[in-house]
1. Out of all the residues in segment A:256-290, which are in contact with a Ser or Thr (Cβ under 9 Å, 6 or more places away or on another chain) and either open to solvent by 60 Å² or more (accessible area, probe 1.4 Å) or in a helix (DSSP H, G or I) (or both)?
2. Here is a check on your reading of the model: is B:Ala73 more than 14 Å from every other protein chain (Cβ to nearest Cβ), crowded, with 18+ Cβ neighbours inside 10 Å and more than 29 Å from A:Lys118 (Cα to Cα)?
3. It is to be established whether one or more residues within segment B:46-65 are facing chain A (nearest Cβ under 9 Å), closer than 22 Å to A:Lys118 by Cβ, touching a residue at least 60 places away in the same chain (Cβ under 8 Å) and open to solvent by less than 70 Å² (accessible area, probe 1.4 Å).
4. Between residues in segment A:78-92 that are at pLDDT 85 or above and residues that are open to solvent by 40 Å² or more (accessible area, probe 1.4 Å), which pairs lie under 7 Å by C-beta distance while being six or more apart or on different chains?
5. When you go through (1) under 19 Å from A:Gly586 (Cβ atoms); (2) assigned by TED's automatic domain parsing to the domain that holds A:Gly524; (3) among the charged types (D, E, K, R) one by one for A:Arg232, which number turns out not to apply?
6. Report yes if some residue within segment A:334-342 is among the aromatic types (Phe, Trp, Tyr), open to solvent by less than 10 Å² (accessible area, probe 1.4 Å) and either in contact (Cβ under 8 Å) with a residue 12 or more places away in the chain or under 18 Å from A:Lys411 (Cβ atoms) (or both); otherwise report no.
7. How many of the residues in segment B:1-35 are open to solvent by 10 Å² or more (accessible area, probe 1.4 Å), touching a Leu at 6+ places or on another chain (Cβ under 9 Å) and at the interface with chain A (Cβ under 8 Å from one of its Cβ atoms)?
Amino acid sequence: MSEPSPGRLLGIAASPGVAVGTAFVVDRRKVAIPRRHIEAREVDAEVARLRGAMSAARAQLSAVRDKLAPDAGEHSLILEAHLLMLDDTLLTEQTERAIRVEKMNAEWALRQTVENIKEVFDRADQDYFRERRSDVDFVGERVLRQLLGASSEIVKPLDLSGPVVLIAHELSPADTAALARADVSAFVTDVGTSTSHTAIMARALSLPAVVGAPDATRRIATGDRLIVDGLRGVVMLQPDDDAVYQAQLRGERYIAFVRALQCNRARPAETLCGHPIRLRANIELPAEAAVAIDHGADGIGLYRTEFLYVDRSEPPSEDEQFETFRRIVETMAPRTVTLRTFDLGGDKFSTAFRFPREMNPALGLRAVRLALREREVFRAQLRAMLRAAAYGPVRVMVPMISAVDELRAVKAELDLARSELEASGKVYADVPLGIMVETPSAVMMADLLAREAAFFSIGTNDLIQYSLAIDRGNEHVAHLARSLDPAILRSIARVVDAARSAGIPCALCGAMAGQLMCLPALVGLGVDELSVEPAAVPEVKAALGRLSRAACQALAAEVLAMPGADEVECHVASLFGPVLRDLLAGGEAGQFSETGSFVLPEYG
Amino acid sequence: MSDVVSEIFEVLNERGLHARPMTRLVQTASRFQSEMSVERDGQVANAKSVMGLLMLCCHKGARVTVRAEGPDAGAAVTAIGELFKSRFGESA
């Protein structure tokens, strides 16, 4: 890969499309602070503003200290420490330097200095640094508040003209959803992968996104004009008019391409030779159900119910959940809705539960393990699901099953939920209970699990993480997590075979289902059902329609014997690249390189 | 006339040298005319900068070198040494 030029940032193409807009940098880690480059003539005024804010903060702290009783001892010493920090040359000189040399506004310069100091504490091996970090933070925030008090109105998205490109370190699902209401045209984040929630939400909202663009929040300032190319994973900084014009053309071509694909939405999903593959949608907001139908999905293959639990102090009630589920079921009927019980813990936390501090949350108290610890909460959700099933076809799916006993424990809770509803006289209908297969142990036990589960759904995101021992959120190793790793393909083959022997359907609902170059192998391995984000349904349907099942089966036999992902990717590209090329490129003329990776044309 | 005095001290405080002990150190160092520095594992900080001292991350058991240069260097290092030995006035 070539070195990134100063005018562009390279990240991960997380949501397709091309947008041109004005940057708004949000620092979600603390209060939102404005970041802009100042003119040389503003420097002295900005330094004066910083000094003014520092002496105001100092006066405030001194006043507090003077009010303290003389015997306050420790407390007054902490204030003493903070006062010394405000005078500290490390803080003042570095911040002034950032204003004078790097031409940062005072807030930005101060935040950067504070972050630099904190970085040293981050590297310390003991947890003493926590207290130090918060001391430094405290002092920094105090000065920031003084600075913002005079100028907090300077930069808000509303003051920016035209569509806004949101730049953030990372965005929570709630942030992304709330911000979508504003005039946001694209997202760019410092961290994240194509399966992180910013990416999933951006695709649901049909907004281009580039994630994992290191230093985006540092290199981009509010007010900068940008091009966000969510097809290539490129952000262009301060483009000239010609580049903007070219980008707009590409954006329009992409929209035309998407519209053309939409034409097949009424057709069932099937291979070239007429073999049916159920194509369903993964959703996390109830409103997405309508989007799923719109894009031609044959039901919901995964509804992530955990989003009912985030950003609140109490778990949602049975009735509240029932109402939400019923709306989705009624919208989708007669199509099937697969409700997944809450998958919290790991990287998804809810303030509704008390989570222990864990060294290794991905291997900790999450998903079904949490459900079986919080049985009352779990049963309230199961009751809501059973009641919703009275309004249309519903399947219930349990995440992270890693042993047969766990499935049996869930069944017992479901039975209990049923008898509770029976006793209270509420209307409900029975539901098939299936499992997510996403741990290596579930893969190994698939034959026995298949006897007790009504269906399987392979969750490839976690299966890849656990099977290959790769933390997908870790930027240093994330590139090693490849869907077409033969270890993953062999796991899928094993699970599909177990399902087939037991006569139950086997779905696949991870990101892999939406990766077009994985489809030939999945069809060949015999997966019955795919579930992808609503926006990806049209292109997956188009891709399936170009594949012959016999060719896919031949491919599957070959790739299962291959030693590594490189070989598999190359082989798939050589066999299926030509028929899928235009779909991969979002309507553009992409090419496969000799190594099997897909490349879009460069542009200036 | 200018002396250079330096001495090595061990951190006895259970929670290392966090903001409060370091504040005492800065306050004490500021009473002397000498230029003073504190060094740990090759990292040097001005003894009159709280942030700089904190960034040394002196945990319990760390061995730090206190160095003073100036007319009252000896007294300065002795005074700082008293702080280390008395755990900066903390109970543990």
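1. Selection gives A:Val258, A:Leu272, A:Cys273, A:Arg278, A:Ala289, A:Ala290.
2. yes
3. No, segment B:46-65 contains no residue that is facing chain A (nearest Cβ under 9 Å), closer than 22 Å to A:Lys118 by Cβ, touching a residue at least 60 places away in the same chain (Cβ under 8 Å) and open to solvent by less than 70 Å² (accessible area, probe 1.4 Å).
4. Correct list of pairs: A:Leu83/A:Arg58; A:Leu86/A:Arg58.
5. Failing condition for A:Arg232: (2).
6. yes
7. So the count comes out to 3.
Matching residues to (1) within 22 Å of A:Ala454 (Cβ to Cβ); (2) not small (Gly, Ala, Ser):
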position	(1), (2)
A:Gly299	yes, no
A:Arg326	yes, yes
A:Thr331	no, yes
A:Met359	no, yes
A:Arg369	yes, yes
A:Arg383	yes, yes
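The values are calculated or read from the model by the stated rules, or taken from the named source; none is laboratory data. These numbers come from a predicted model, not from an experiment. When we count neighbours, we look across all protein chains shown, and the Cβ atoms used for this are built from the backbone with ideal geometry, even at glycine. We work out accessible area using only protein heavy atoms, side chains counted, and drop any ligands, DNA or RNA first. Shrake-Rupley method; radii C 1.70, N 1.55, O 1.52, S 1.80 Å.
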